[in-house]
Amino acid sequence: MKFGLSPCQEKVRWADTLEQCQKAEAWGYDSLWMQEHHSVEEGYYPSPFVSLAGIAARTERVRLGTGVIILPFYHHFHVAEDATMLDVISNGRCILGVGAGY
């Protein structure tokens, strides 16, 4: 069995999210998942690829997933390129999750 975590993204500081991700990796979690939300008052991070790249720089083993990229908002080449770049930055730890909407 594998365990993943969607770290706090609501009304928190980025430093708190990073700390939670580092602790999750230390505690043996297998993956971390960032959501995509736009224009919501709760303060979610709107760009999973950017936030996961930041998390990749502070972790070593845990897999990094988008939960999910809303495909109609993007050109498919940009999604493919961003996922590939995250995979390079993270040394092969990217999991691409996509969807048609919220």
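How large is the helix-only mean residue ellipticity at 222 nm for the chain, computed as the sum of -39500 (n - 2.57) over DSSP H runs with n ≥ 4, divided by its residue count, in deg cm²/dmol to the nearest 500?
-11000 deg cm²/dmol
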Exercise for the section: State the answer as a single residue: which of H75, M1, F49 lies farthest towards the positive end of the charge dipole of the chain, with beta carbon charges of +1 for Lys and Arg and -1 for Asp and Glu, about the Cα centre. Expected result: M1
Completion exercise
A correct Karplus calculation of ³J(HN,Hα) over the range 77-86, with 6.51 cos²θ - 1.76 cosθ + 1.60, θ = phi - 60°, whole Hz and x for Gly and Pro, returns 5, 5, 4, 4, 5, 5, 5, 5, 5, 4
Completion exercise
All alpha-carbon distances of the range 35-102, grouped into 5 Å bins from 0, give the whole-percent distribution 4, 18, 29, 25, 15, 8, 1
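Please report, as a whole percent, how much of the solvent-accessible surface of the chain comes from carbon and sulfur atoms (probe radius 1.4 Å). Please list the in-between numbers first.
Details: 3540 of 6210 Å².
Here carbon and sulfur together make up 57 percent of the probe-accessible area.
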Exercise for the section: May I ask for log10 I(q)/I(0) of the range 1-84 at q = 0.12, 0.15, 0.20, 0.21 Å⁻¹, from a Debye sum over the Cα atoms as equal point scatterers with solvent left out? Expected result: -0.35, -0.54, -0.92, -1.00
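Per residue, how much accessible area does the range 15-102 have with a 1.4 Å probe, in Å²?
Accessible area per residue, the range 15-102: 57 Å².
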Handout entry: trypsin sites (Lys or Arg not before Pro) within the range 47-77, DSSP loop, no more than 13 other Cβ atoms inside 10 Å
Key = R58, R61
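The values are calculated or read from the model by the stated rules, or taken from the named source; none is laboratory data. Keep in mind the model is a prediction, meaning the values are calculated, not measured. Ideal geometry is used to build each Cβ from the backbone, glycine not excepted, and the neighbour counts take in all protein chains shown. Heavy atoms of the whole protein, side chains included, go into the accessibility calculation; ligands, DNA and RNA do not. Shrake-Rupley method; radii C 1.70, N 1.55, O 1.52, S 1.80 Å.
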